[in-house]
Amino acid sequence: MIQRVLALPGTVVLLTLVLSPPSQAQEQWSWPEKTQNIQVLPKEWPGTRLQPVMTGFARTLGVRCAHCHVGEQGQPLSSYDFASDENPNKDRAREMLKMLRMINGQLAKIEPSGDQRVNMWCHTCHNGKPRPMTLGEELSEAYRLHDITTALAKYKDLKENYYGMGSYRFDDMALNDLGYQILKDDVEAAISIFKLSTDEFPESWNVWDSLAEAYMKAGQTQLAIANYRKSLELNPSNTNAANMLKKLQAKNADE
Ligand code: HEC
Ligand code: HEC
């Protein structure tokens, strides 16, 4: 007990020594008094006036400074070159600022319906993500550029990072649309997507209907029947499932 008390001050000193160099380096950076390369925002603004704008950009896009600036995330800001235009996202952001100016100019011509004008800002489109895409568009892009494994991994990744934040709608439609997009070319891949969809949205009659259709295309009659039944159970007025079941059962009886 005594030993532990005696050891305490030493530990604190050691911790301070270990922790202080990186945090001091971080603090050394401060907003520049005079900016060097401002082209769209007011040139006369001191650097400190940029602070709420830049942190706002980062927050509404769900990114860090390095997304638009030359620098490495995790390194002290003093190692960044904020005036450089080498990162193409910086110019993209400038074009976005000009676009917003045009949009808000157009909005000014319209009589506001509430007590105040509803203006647009970066978050209106971006809403926490670097590119304003729907979940379906994200998955479809991952599939076009890579393959189905990447698209499924993308779904899991986006769900892990964005669920509940309102950036994407995690409903049964995104996976369903992707499944149909692939169904023509690759039945097995479509089945794997619809299966994930039934795991994620077991209460949706529509996803069971889709899975059944894919099994039917794959010639797996028993599985198609079982899944159309499941869909019909959840939604007795699903006439498509009822019709398909009749057909499949007749076919099954013939075989
Ligand atoms: C979405 C892109 C984006 C993000 C994220 C972003 N910036 Fe910027 N930043 C810009 C753009 C664009 C300009 C130039 C504006 C102009 O030309 O009017 C700029 C300019 C600056 C400047 C002025 C540089 C100079 O001297 O000309 C500083 C400093 C700066 N940003 C710091 C930051 C910091 C710190 C962060 C992170 C908290 C950050 N920025 C995040 C886009 C971004
Ligand atoms: C009207 C909708 C809209 C608004 C408002 C908007 N953006 Fe965008 N932004 C887009 C779209 C669409 C793209 C994707 C363009 C593409 O690459 O095809 C995009 C792309 C970007 C990119 C490139 C990101 C990447 O990873 O490719 C940056 C940076 C960006 N926006 C910053 C901003 C900032 C900062 C604001 C606010 C000043 C803003 N945007 C406002 C629609 C918008």
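The values are calculated or read from the model by the stated rules, or taken from the named source; none is laboratory data. Quick caveat, the model's predicted, so the values are computed rather than measured. Counting neighbours? That spans all protein chains shown, and the Cβs are built from the backbone with ideal geometry, glycine included.
The table that follows gives values for the structure above.
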{"read-out": "Flag if Asn238 is touching a Phe, Trp or Tyr at 6+ places or on another chain (Cβ under 8 Å) and at negative phi", "value": "yes"}
{"read-out": "Residue within the stretch 78-86 that is over 30 Å from Tyr168 (Cβ atoms) and loosely packed, with under 10 Cβ neighbours inside 10 Å present", "value": "yes"}
{"read-out": "Test: residue in the stretch 99-122 that is in contact (Cβ under 8 Å) with a residue 40 or more places away in the chain, assigned to a loop (DSSP other than H, G, I, E, B) and within 26 Å of the chain's Cα centre (by Cα)", "value": "yes"}
{"read-out": "Subset tally (residues that are within 8 Å of ligand 1 (Cβ to nearest atom), closer than 18 Å to Met133 by Cβ and of a type outside the set (A, V, I, L, M)) for the stretch 61-97", "value": "3"}
{"read-out": "Only one of Met120, Met99 that is of a type in the set (A, V, I, L, M) and closer than 27 Å to Gln36 by Cβ", "value": "Met99"}
{"read-out": "Residue pairs meeting the criteria (Cβ under 7 Å; at least 6 apart or on separate chains; first more than 9 Å from Asp209 (Cβ to Cβ), in the stretch 219-237; second among the basic types (Lys, Arg) and modelled with pLDDT under 95)", "value": "Thr221/Lys251"}
{"read-out": "Per-region count, the stretch 62-86, residues in contact with a Cys (Cβ under 7 Å, 6 or more places away or on another chain) and either near ligand 2 (Cβ under 9 Å from one of its atoms) or among the aromatic types (Phe, Trp, Tyr) (or both)", "value": "1"}
{"read-out": "Test: residue in the stretch 110-128 that is within 12 Å of ligand 2 (Cβ to nearest atom), surrounded by fewer than 14 Cβ atoms within 10 Å (Cβ to Cβ) and of a type in the set (D, E, K, R)", "value": "no"}
{"read-out": "Conditions (1) in a loop (DSSP other than H, G, I, E, B); (2) touching a helix residue (DSSP H, G or I) at 6+ places or on another chain (Cβ under 8 Å): number failed by Tyr143", "value": "(1)"}
{"read-out": "Positions within the stretch 157-169 being in a loop (DSSP other than H, G, I, E, B), out of contact with any Ser or Thr (no Cβ under 9 Å at 6 or more places or on another chain) and surrounded by fewer than 17 Cβ atoms within 10 Å (Cβ to Cβ), in sequence order", "value": "Tyr163, Gly164, Met165, Gly166"}
{"read-out": "Close pairs from the stretch 57-82: first in the same structural domain as Arg94 (by TED's automatic domain parsing) and free of Cβ contacts under 8 Å to residues at least 12 places away in the same chain, partner of a type outside the set (Lys, Arg) and more than 11 Å from ligand 2 (Cβ to nearest atom), Cβ under 6 Å, at least 6 apart", "value": "Arg64/Gln73; Gly71/Tyr80; Gln73/Ala66"}
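Residues are listed down the side, and each one gets a yes or a no for (1) aliphatic (A, V, I, L, M); (2) part of a helix (DSSP H, G or I); (3) under 30 Å from Ala142 (Cα atoms):
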| site | (1), (2), (3) |
| --- | --- |
| Ile193 | yes, yes, yes |
| Thr198 | no, yes, yes |
| Pro202 | no, no, yes |
| Val207 | yes, yes, yes |
| Leu211 | yes, yes, yes |
| Leu232 | yes, yes, no |
| Ser237 | no, no, no |
| Met244 | yes, yes, no |
| Leu248 | yes, yes, no |
